[in-house]
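**Student:** To start, I am sharing the structure in question, which I have written as structure tokens.
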Amino acid sequence: MAHSKDTTFFKVSNLDMNFGSMEALKNVNFEVEKGIIFGIAGPNGAGKTTLLNIISGALSPTRGEVHLEGESIASLKPMNVCHKGIARTFQIPAIFPTLTVLGNVRVGKTFGHAPGRKGSRDLGEIIDFVGLREKEDQLAANIDLYSRKLLMLAAALATDPKVLLLDEPLGGLNFREIDAYLRLVKEVNQGMGVTLLVVEHLFDKLVETSQEIMILDFGQQIYLGPSDKVGEDKKVIEVYLGMKRHAGSA
């Protein structure tokens, strides 16, 4: 089958990231099909957040390329990456605490698009979708952790992303909140047609939610493939699942 460089929706090629003598990422390569949920996992310090920082423009890689719809985005500033169609949330909620919930989502809509482009989604619809209608006039500083995570998601959706990066979205949530958030994630993916890259420590939830998964360990890929096969991989069992067993959670 003939391949064209423009046929791949999202692609990371030969990616290295060095911080001085420390190699945070080493020769990372993967492709993401349009419309799927792609999971990224690995132990602490594996390079997961560094990878998201490069994709979103917060870091420039030491070597390698990031392509969205055939266009290189690795050297763009975060605002320009967002304008191309990549939005993200953060492990520790990044919000404007002195603005209301509605004001935060409005910032996403206003600054998340290239000049002259308006978002297709209505602010009220986005707030309804994530379930924050009753809190839209509250200051973001005064809402609980789960609501802050929903607010980050809403502000990201207001940019009309083609690709949404979620960094540890389930951290600090209880079981009920985890299930509710994952239902939203699936609706963003299936109902809105947004492709998702999800970094998550809750391995079982990531496997359940994603179609493809990549496991990093010390900055290197040790698995890339279907999520439902990852538990059979010897390297993953040894490095990742084995680590959890030693922690007493077999």
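Derivation of every value follows stated rules applied to the coordinates shown; laboratory data play no part. Note that the structure is predicted; figures quoted are calculated from it, not measured. Neighbour counts are summed over all protein chains in view; Cβ atoms, including those assigned to glycine, are modelled from backbone coordinates with ideal geometry.
**Student:** Which FRET efficiency value, to the nearest 0.05, do you get for SER72 and ARG176 by plugging their Cβ-Cβ distance into 1/(1 + (r/R0)^6) with R0 = 41 Å?
**Tutor:** Numbers: r = 42 Å, r/R0 = 1.02.
For R0 = 41 Å, the calculated efficiency reads 0.45.
**Student:** Any of LYS11/LYS109; LYS48/LYS135; LYS84/LYS229; LYS48/LYS84 with alpha carbons more than 28 Å apart? Name them for me. Can you show the working numbers first?
**Tutor:** On the way: LYS11/LYS109 26 Å; LYS48/LYS135 32 Å; LYS84/LYS229 33 Å; LYS48/LYS84 22 Å.
In this structure, LYS48/LYS135; LYS84/LYS229 exceed 28 Å between Cα atoms.
**Student:** Looking at the chain only, what percent of DSSP beta bridges run antiparallel? Nearest 5 please. Don't skip to the end; give the middle numbers.
**Tutor:** Numbers: 21 of 37 bridges.
Of those bridges, close to 55 percent are antiparallel.
**Student:** Another question about this same structure. Give me LEU184, LEU196 ranked fewest to most by other Cβ atoms within 10 Å of their Cβ, as a rough exposure proxy.
**Tutor:** Working: LEU184 19, LEU196 22.
Ranking LEU184, LEU196 by Cβ neighbours within 10 Å, fewest first, gives LEU184, LEU196.
**Student:** Calculate the FRET efficiency for LEU139 and LYS234 from the Cβ-Cβ distance with a Förster distance of 45 Å, rounded to the nearest 0.05.
**Tutor:** Working: r = 51 Å, r/R0 = 1.13.
Once the sixth-power term is evaluated, E becomes 0.35.
**Student:** Still on this structure, I have one more. For region 94-160, what does the equivalent ellipsoid look like in terms of its semi-axes, each the square root of 5 times an eigenvalue of the Cα gyration tensor, given largest first in whole Å?
**Tutor:** 19, 12, 9
**Student:** Whole angstrom only: what separates the Cα centroid of region 125-158 from the Cα centroid of region 39-69?
**Tutor:** Taking the Cα centre of each part, region 125-158 and region 39-69 sit 27 Å apart.
**Student:** I need the shape label for region 138-186. Rule: rounded when a/c is under 1.5, else prolate if a/b > b/c, else oblate, with a, b, c from the alpha carbon gyration tensor.
**Tutor:** Details: a/c = 2.07, a/b = 1.13, b/c = 1.83.
Verdict is oblate for region 138-186.
**Student:** In whole Hz, what ³J(HN,Hα) sequence does region 138-149 give by Karplus (6.51, -1.76, 1.60; θ = phi - 60°), x for Gly and Pro?
**Tutor:** Per-residue couplings from phi come out as 7, 5, 4, 4, 9, 9, 6, 4, 4, 5, 5, 5 Hz.
**Student:** Can you give the calculated 222 nm mean residue ellipticity of the chain, where each DSSP H run of n ≥ 4 adds -39,500 (n - 2.57) and the sum is split over every residue, rounded to the nearest 500 deg cm²/dmol?
**Tutor:** Numbers: 8 runs with 75 residues, N = 250.
For the chain, the value works out to -8500 deg cm²/dmol.
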